[in-house]
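Just below is one structure, and these are the notes that go with it.
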Amino acid sequence: MPARDLTLLQDAAREAGDIALRYWRQDPQAWDKGGGAGPVSEADLAVNAHLETVFRAARPDYGWLSEESPDEPSRLDAAHCFIIDPIDGTRSFLDGQEGFSISLAIATGERITAAVVHLPARGLTYTAVADGPALLNGAAIAPADHPMQNATVLAGKPSFDPAFWRNGVPGLRREFRPSLAWRLCLVAEGRFNAALSTRAAWEWDIAAGSLIAERAGCVATELSGRPLRFNRAKPLSDGMVVAAPGLHGQLIAALRPLPSTGFPG
């Protein structure tokens, strides 16, 4: 079943990418969602509508969780659930940059079993299934383990606040890419050493990328070190740490938990 699901995701990702590119650099209509949720555009909605039509027709018994759709509690009763971000990195997309992705995943229970992260403007497609390798355009990928000193970490500026670290920010080098799903894939292929978010992460941002990273050989967890779980009633993870095993363990040990809330922020 994961292999059949992966084929479905791959085909849909290519179609969704074609739709997104019709709007890219064409000044699409866009507006702010409010509440700190960021922008959304007519392209996001067009991609979302296409994916929902295709996936519901192909797998009518699967649940549906998408950033651009109202949440449906019925998904919690489904054995399998699509977890979708139609365009991850909408700001980048609206700015005409290439670093946006289409993030598609299927959860079986609380675990991701098939995943695709597609960057149509760059011609990159990352894929994985739960019992197979992680691939980039069909070729196997693997992470690059690295000592914590001078490791390159994909993260937003808030993650380098000393409040999150036991003994101050260690000697890390921060880099940034607009799509969170792509950040996880970049770690999976060894171009960067880790991806970190000290803020809560929406499932649709990390579902596909987390499986790709894990199948490449990374460890992907919440900030506490707990395994990531998906298709939960509140689709948020308590932050995220993704890296090859050695560096992952060092980062978890360096992060500073707080007894009252688990982690600051």
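Results, tabulated for the structure shown:
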| quantity | calculated |
| --- | --- |
| Selected residue (criterion: surrounded by the fewest Cβ atoms within 10 Å (Cβ to Cβ)) from residues of the range 127-139 that are touching a residue at least 60 places away in the same chain (Cβ under 8 Å) and in a strand (DSSP E or B) | Val129 |
| Subset of the range 87-100 [in contact with a Ser or Thr (Cβ under 7 Å, 6 or more places away or on another chain) and under 14 Å from Ser66 (Cα atoms)] | Asp88 |
| Filter result (over 12 Å from the mean Cα position of the chain (by Cα), of a type outside the set (S, T, N, Q) and under 20 Å from Pro158 (Cβ atoms)) within the range 188-204 | Phe192, Ala194, Arg199, Ala200 |
| Answer residue from the range 200-210, given it is hydrophobic (A, V, I, L, M, F, W, C) and open to solvent by 10 Å² or more (accessible area, probe 1.4 Å) and is nearest to Val241 (Cα to Cα) among those | Ala200 |
| Trp165, sole failed condition from (1) assigned by the TED database to the domain that holds Asp238; (2) within 20 Å of Pro245 (Cβ to Cβ); (3) open to solvent by less than 40 Å² (accessible area, probe 1.4 Å) | (2) |
| In the range 9-44, residue nearest to Phe100 (Cα to Cα) [restricted to those that are touching an Asp or Glu at 6+ places or on another chain (Cβ under 8 Å) and open to solvent by less than 70 Å² (accessible area, probe 1.4 Å)] | Asp44 |
| Condition met for Asp27 (at positive phi and either more than 19 Å from the chain's Cα centre (by Cα) or touching a residue at least 12 places away in the same chain (Cβ under 8 Å) (or both)) | yes |
| Test: residue in the range 94-110 that is closer than 13 Å to Gln10 by Cβ, part of a strand (DSSP E or B) and open to solvent by 40 Å² or more (accessible area, probe 1.4 Å) | no |
| Test: Ala79 is open to solvent by 10 Å² or more (accessible area, probe 1.4 Å), outside the structural domain of Ala207 (by the TED database) and not aromatic (Phe, Trp, Tyr) | yes |
| Residue in the range 219-236 that is crowded, with 23+ Cβ neighbours inside 10 Å and among the hydroxyl-bearing types (Ser, Thr, Tyr) present | no |
| Scan of the range 173-199 for residues that are surrounded by fewer than 14 Cβ atoms within 10 Å (Cβ to Cβ) and assigned to a strand (DSSP E or B), ordered by number | Arg173 |
| Only one of Pro170, Pro158 that is touching a Lys or Arg at 6+ places or on another chain (Cβ under 9 Å) and surrounded by fewer than 23 Cβ atoms within 10 Å (Cβ to Cβ) | Pro158 |
| Among (1) within 19 Å of Ala142 (Cα to Cα); (2) touching a strand residue (DSSP E or B) at 6+ places or on another chain (Cβ under 8 Å), the one test that Gly246 misses | (2) |
| Tally of residues being open to solvent by less than 10 Å² (accessible area, probe 1.4 Å), among the hydrophobic types (A, V, I, L, M, F, W, C) and in contact with a helix residue (DSSP H, G or I) (Cβ under 6 Å, 6 or more places away or on another chain) across the range 111-126 | 4 |
| Tally of residues being acidic (Asp, Glu) and assigned to a loop (DSSP other than H, G, I, E, B) across the range 16-68 | 4 |
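The values are calculated or read from the model by the stated rules, or taken from the named source; none is laboratory data. Bear in mind that the values here come from a model prediction, so they are computed numbers and not experimental data. Here Cβ is always computed from backbone atoms with ideal geometry, including for glycine, and neighbour counts include all displayed protein chains. Note: areas computed on protein heavy atoms with side chains; ligands, DNA, RNA excluded. Shrake-Rupley method; radii C 1.70, N 1.55, O 1.52, S 1.80 Å.
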